[in-house]
Amino acid sequence: MMTSRNHIMEQVYTVEAGNFVLAGEASGQIKKVLKQLGVDSNIVRRVTVAAYEAEMNMVIHSVGGELILKVTPERITVTARDRGPGIPDIGLAMQEGYSTAPEIARELGFGAGMGLPNIKRCADSLNMQSKVGEGTILEAYFDIKAR
Amino acid sequence: MEKYYHSVTLDKEKCRGCTNCIKRCPTEAIRVREGKARIIGERCIDCGECIRVCPYHAKIALTDPLASIQKFPYKIALPAPALYGQFRNVSINAILTGLLKLGFDEVFEVARGADYVTEFVNEAIKDPKRKKPIISSACPAIVRLIQVRFPELIDNIINIESPMEIAARLAKEEFCRKMGVKEKDVGAFFITPCAAKMTSIRNPIGIDRSWVDGAISILEIYGPLYNQISRLEDDEVLLQKASPHGILWANSGGESSALDMDNYLAVDGIQNVIRVLEEIEDEKLTDLEFFEGLACTGGCVGGPLVFENGFVAKNRIRKLSEQAKGRHLSREEVVDAKEKIQWYFEKPILPKPVMKLDDDITLAMKKMEAIERIYEGLPGLDCGSCGSPSCRTHAEDIVRGYASEMDSVFKLREKVKELAQQMIELSEKIPGGKTSNNGK
């Protein structure tokens, strides 16, 4: 789905919980879109890495949600919004190495506790809110510098 | 030099305008327009996939004819190691001797050039400042693929010349010194398994001018060379100098296995290479140190211009490498070569962002929106009958101004239906503004 008006472009991708067949598809699409928009390749890489981590987080930990790409000529925003279960302690979740990933994900090489720290490293700024029983919303911002 | 020189071209007479090539091109560089394939020059990376898949042999590689060596008073042959895998029960030395009998004054094995490159790369990977993984520059189609599709990885490409260039420079330097002749009188000819090498001679990346003067395809030289080889007597001079490692460069993984390290990945087949480059770009392979990507299945032995089945050739190369008499380079030889020739790129590799929709991001966003809108109206069958490889590309082509909506048979059918409806409505009208239904 895509909407665009007054120099804002938005694309919404559905992310299914536990579906490793589709995992990575949304962030892959985001990368393709940004390359076509001619965004600087360094920014494309950072957005893609962050979007992939956010997508995998939702696949592994959430009950499902969506990944939203918003582009304006000045800024790119990646929003990951899920419908639960919510993170009790965001500070703890942001720590490198902290993980609550289930066995199935760890067997696939995920759940090293680097997801959120990696998103933080890639993004220019980050906003995260979570409510147990309701869900988590993560927003990662990337500035498009003057080229 | 032409703006976009390409070895890969179309034989228009033979082209039937089918969809085989447009659907297999890794950079979506081919369209069918007015019943014939058309290659978009700025996108083509000369990988030769289209040559392989065209059932009518309408996609061809322009290379130099064998007779072109006569333009030079002195001629040097630079055989690609893939040439060694073309003949059954023939030694490398017999192949090299056969080349001399064909009219070359000297042969210099590109596999020997590869031995030098291995040493240069071994030194470079020790530099902690280099971006990892280091990406091999050996396959010109992959270097061009990175320019077009993975500009973020350009700095990972090692700035060391290919074995072909190293071989040409060393061969010419040695020949001119030994024979006391001028460089301009010596022509060096690469015996090539692929079109991409021909392109990198005419239109090199990282240097202004190639030291190679022409490329003769293995397919072209196979017959005459076979004739010479079959008439050889036993008193051959030992010409084979490359090490077993250098010879293995013909196969995928040969380059990597010669290096002083274990943390490498060797991938062949252009679609496989694309998949791994995506992962490198997404930082999923962070512990990788070296990446060797070869466009052709199996490596250069699977090139589009070889005679022998690539899998058979690969096995022969493995056996020939085991029997190879050449030795490894000495420290002195490596230092000496570095002093004598230019062995690294003089110029940076530049990105070719041909996929982007517009230089202005606001306009690019508008175009993206238009693409989505058009795409939603297309059937999503990706049949290629409009001349573009997929419905998505067709929508992009319309927005970029390369195609019209009516190129799609589905859109055309809708339009015809609409027109037919209008005609019926018109035919039911009678002059005076009354319709024929009146009075019923």
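The values are calculated or read from the model by the stated rules, or taken from the named source; none is laboratory data. Keep in mind the model is a prediction, meaning the values are calculated, not measured. Cβ sites come from the backbone with ideal geometry, for glycine too, and all protein chains shown count toward neighbours. In case anyone asks, the SASA skips ligands and DNA or RNA and just uses the protein heavy atoms, side chains included. Shrake-Rupley method; radii C 1.70, N 1.55, O 1.52, S 1.80 Å.
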Exercise for the section: Identify the GluC sites (Glu not before Pro) of region B:156-263 meeting these criteria: DSSP loop state and at most 16 other C-beta atoms within 10 Å of the C-beta. Expected result: B:233, B:236
Fill in the blank from the handout: Once normalised by the length of region B:192-254, the mean sequence separation of its alpha carbon contacts under 8 Å that are 6 or more apart gives a contact order in percent of 22 percent
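Under a point-charge model restricted to the Cβ atoms of Lys and Arg (+1) and Asp and Glu (-1), what is the dipole moment magnitude of region A:2-143 relative to its Cα centre, in debye to the nearest 20?
Values: 14 positive and 17 negative charges, 72 e Å.
Charge dipole of region A:2-143: 340 debye, to the nearest 20.
Using a 1.4 angstrom probe on the protein heavy atoms only, could you order B:120, B:311, A:20 from most to least accessible area? Could the numbers behind the result be given before it?
Working: B:120 5, B:311 145, A:20 65 Å².
From most exposed to least exposed: B:311, A:20, B:120.
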Problem - Eligible lysines near residue B:415 by straight Cα distance, threshold 29 Å, same-chain separation 8 or greater - result: B:23, B:36, B:366, B:367, B:429, B:434
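Can you tell me the FRET efficiency between residue B:88 and residue A:22 if r is taken as the Cβ-Cβ distance and R0 is 35 Å, rounded to the nearest 0.05?
Values: r = 49 Å, r/R0 = 1.39.
Efficiency at R0 = 35 Å is approximately 0.10.
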Handout entry: On Cα atoms only, tilt of B:270-281 relative to the major axis of chain B in degrees
Key = 90 degrees
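What part of the accessible area of region A:2-143, given as a whole %, is carbon or sulfur when the probe is 1.4 angstrom?
Values: 3190 of 6620 Å².
Reported share for carbon and sulfur atoms: 48 percent.
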Practice task
Find the accessible area per residue for the protein assembly as shown; the probe is 1.4 Å, ligands and nucleic acids are left out, and the unit is Å².
Solution key: 47 Å²
Exercise for the section: Evaluate the distance, in nm, between pseudo-label points positioned 7 Å from the Cα of residue B:261 and of residue B:400 along their respective Cα→Cβ axes. Expected result: 3.6 nm
Fill in the blank from the handout: Restricting to lysines and to Cα separations under 22 Å from residue B:129, and discarding same-chain partners fewer than 8 apart, the set is B:284, B:338, B:347
Problem - For residues of A:50-56, the mean tally of beta carbons on other chains within 10 Å - result: 1
Exercise for the section: Report, by chain and number, residues whose modeled amide H sits under 5 Å from the one on residue B:345, excluding near sequence neighbours (fewer than 5 apart, same chain). Expected result: B:160, B:161
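With a 1.4 Å probe, how much accessible area is buried between chains A and B, both sides summed, in Å² to the nearest hundred? Write down the numbers at each step before the final one.
Working: alone 8260 and 21500 Å², together 27590 Å².
The A and B chains share an interface burying roughly 2200 Å².
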Practice task
Compute, for residue B:264, the solvent-accessible surface of its heavy atoms (probe 1.4 Å) with the complete set of protein chains present, and express it in square angstrom to the nearest 10.
Solution key: 80 Å²
Practice task
Set the Förster distance to 60 Å, then compute FRET efficiency between residue B:182 and residue B:356 from the Cβ-Cβ distance, nearest 0.05.
Solution key: 0.80
Problem - Hz values of 3J(HN,Hα) by residue in region B:164-177 - Karplus curve (6.51, -1.76, 1.60), Gly and Pro given as x - result: 4, 5, 4, 4, 4, 5, 5, 5, 5, 4, 5, 5, 5, 5
Practice task
With a cut-off of 11 Å, note down the residues of region B:369-406 whose backbone N falls inside the zone around a label point 7 Å from the Cα of residue B:412 toward its beta carbon.
Solution key: B:385-387, B:406
Problem - Spin-label pair residue B:346/residue A:74, simplified geometry with 7 Å Cα→Cβ offset, distance in nm - result: 4.6 nm
Completion exercise
Applied in sequence order to region B:77-86, the curve 6.51 cos²θ - 1.76 cosθ + 1.60 (Karplus, θ = phi - 60°) yields integer Hz couplings, x standing for Gly and Pro, of 9, 10, x, 5, x, 4, 4, 5, x, 7
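Determine the calculated [θ] at 222 nm for the protein assembly as shown from helices alone, applying -39500 (n - 2.57) to every DSSP H run no shorter than 4 residues and normalising by the residue count; nearest 500 deg cm²/dmol.
Numbers: 21 runs with 222 residues, N = 587.
For the protein assembly as shown, the value works out to -11500 deg cm²/dmol.
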Practice task
Go through region A:119-133 residue by residue and turn each phi into a ³J(HN,Hα) via Karplus (6.51, -1.76, 1.60, θ = phi - 60°); whole Hz please, and just put x for glycine and proline.
Solution key: 5, 4, 5, 7, 7, 6, 7, 9, 9, 9, 9, 8, 9, 4, x
Exercise for the section: Could you give log10 I(q)/I(0) at q = 0.19 Å⁻¹ for region B:93-132, computed by the Debye formula over C-alpha point scatterers of equal weight, without solvent? Expected result: -0.63
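More than 41 angstrom separation, counting every C-alpha pair in chain B; what % is that?
Values: 24690 of 96580 pairs.
Looking at chain B, the distances longer than 41 Å represent 26 percent of pairs.
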Practice task
Treat each spin label as a single point 7 Å out from the Cα along the C-beta direction, and report the residue A:42 to residue B:286 distance in nm.
Solution key: 1.9 nm
Fill in the blank from the handout: Counting sequence-distant residues (5 or more places) and residues on other chains, those with an amide H built under 5 Å from that of residue B:403 are B:398
